[in-house]
Amino acid sequence: MEIPFIIKKTIDSRRSTRSYKMLDIDQEVINSIRNFGEIIFLPFEHDIEINFFKSKPTNKLYMTMKSPPDNIAFLAETDVVSISKVGFLGELLILFAHSKGISTCWYGHYRLSELERLIPHLQTKEQLKESNMGYGYSKGITTGRRAICVSPLGYHNKKGLRLLDRITKKTSSFKRKEIIELLEEPNEYNKLSNDIIYALDLGRKAPSAANSQMWRFSFEDNYKTIIISMPIGYKHLKWEHPNVDIGICASHIWLGLIDKEYNPIVSVYEEGNRAVWKVSI
Ligand SMILES: Cc1cc2nc3c(=O)[nH]c(=O)nc-3n(C[C@H](O)[C@H](O)[C@H](O)COP(=O)(O)O)c2cc1C
């Protein structure tokens with residue numbers, strides 16, 4: 001499996017960017033991201049739509065930040081597994097974009113009415129009413145096919161870092177839990193091979209909404225299968241779709257095993273309103 005970027009270096013250096021230069025991205029770079037999305041071989045079936053769109057430099061979409069001209073939206077059905085697959089595929093695109101010098105930030109909270117104006121995609125007016133938390137995304141049950149997350153695509157404006165970003169950068173952004181804190185059974189750590197630890201290390205570095213790192217790891221098949229899911233009953237105060245984040249984490253683990261020259265087998269299913277990913281060597 002050929003991944004067209006240096007896996008560990010790309011994962012280690014990606015950071016969410018919340019301040020952009022109001023500059024169009026080179027069409028060639030956009031085309032390369034688009035092309036990557038079309039040709040990347042994914043270890044599962046899906047019907048996610050990747051939508052590249054333009055936006056004016058206003059705060060209407062992201063609310064706390066001006067949109068750069070180029071942006072990307074991931075559209076899918078709203079069942080737990082489809083939502084989680086958005087995380088997996090979306091993160092591969094975000095990492096690819098980063099490897100091309102393009103900054104990004106996963107946004108789960110955006111103004112849906114503004115997105116609908118920019119890329120009409122909803123099937124019913126009811127879907128707009130679902131975004132009733134004031135953050136743009138909906139509280140509770142979401143229905144139908146719609147945008148799940150969006151991200152700016154652009155060039156980092158280093159001078160534009162607001163105070164809030166500086167605080168976030170210092171407190172949460174770079175911090176990640178250690179692998180051992182993420183194991184369902186911490187005493188299993190000593191049973192893990194170096195390659196599995198390598199993959200889990202890339203997994204723990206995944207981005208998550210408010211840096212919540214809600215993924216937990218367990219094992220099967222004599223520690224040759226990694227199971228990735230959130231704890232049963234997990235709820236985030238402000239983010240309704242942590243299964244996106246679980247898919248992101250699963251993609252990092254999959255990449256980690258590819259980096260170690262395995263051809264990992266991947267499956268995902270729904271259990272107790274959670275997406276459960278299994279990645280096996
Ligand atoms: C699914 C998802 C949704 C997110 N939504 C938002 C958002 O609405 N607004 C925002 O400023 N950051 C958002 N983030 C970015 C996270 O805050 C960020 O990834 C996390 O703090 C870790 O920092 P890092 O990406 O720089 O490693 C989101 C991240 C993920 C994975």
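If we scan the range 38-49, do we find a residue that is within 16 Å of the ligand (Cβ to nearest atom) and either modelled with pLDDT of 95 or more or farther than 22 Å from Ile148 by Cα (or both)?
Scanning the range 38-49 turns up at least one residue that is within 16 Å of the ligand (Cβ to nearest atom) and either modelled with pLDDT of 95 or more or farther than 22 Å from Ile148 by Cα (or both).
Only one residue in Glu188, Glu181, Glu270 is free of Cβ contacts under 8 Å to residues at least 24 places away in the same chain and acidic (Asp, Glu), so which one is that?
On the way: Glu188 fails: free of Cβ contacts under 8 Å to residues at least 24 places away in the same chain; Glu270 fails: free of Cβ contacts under 8 Å to residues at least 24 places away in the same chain.
The unique qualifying residue is Glu181.
Taking the range 110-120 as the search range and keeping residues that are within 14 Å of the ligand (Cβ to nearest atom) and not in a helix (DSSP H, G or I), which one is surrounded by the most Cβ atoms within 10 Å (Cβ to Cβ)?
Here the residue is Tyr110.
Would you say Ile39 is crowded, with 17+ Cβ neighbours inside 10 Å and of a type in the set (A, V, I, L, M)?
No: the conditions fail for Ile39.
Can you tell me which of (1) of a type outside the set (Val, Ile, Thr); (2) more than 16 Å from the ligand (Cβ to nearest atom); (3) without any contact (Cβ under 8 Å) to a residue 40 or more places away in the chain is the one Met214 doesn't meet?
(2)
Output the qualifying pairs, or none if there are none: Cβ atoms under 9 angstrom, residues six or more apart or on different chains, first residue in the range 233-247 and near the ligand (Cβ under 10 Å from one of its atoms), second residue assigned to a loop (DSSP other than H, G, I, E, B) and among the charged types (D, E, K, R).
Pro242/Lys235
Residue by residue through the range 54-109, note down the ones that are part of a loop (DSSP other than H, G, I, E, B) and within 10 Å of the ligand (Cβ to nearest atom).
Once the filter is applied, which keeps residues that are part of a loop (DSSP other than H, G, I, E, B) and within 10 Å of the ligand (Cβ to nearest atom), the range 54-109 yields Tyr62, Met63, Thr64, Met65, Cys105, Trp106, Gly108, His109.
Can you tell me how many residues within the range 169-211 are more than 16 Å from the ligand (Cβ to nearest atom) and assigned to a helix (DSSP H, G or I)?
Qualifying residue count, the range 169-211: 16.
The values are calculated or read from the model by the stated rules, or taken from the named source; none is laboratory data. Please read all numbers here as calculations on a predicted model, not as lab measurements. Here Cβ is always computed from backbone atoms with ideal geometry, including for glycine, and neighbour counts include all displayed protein chains.
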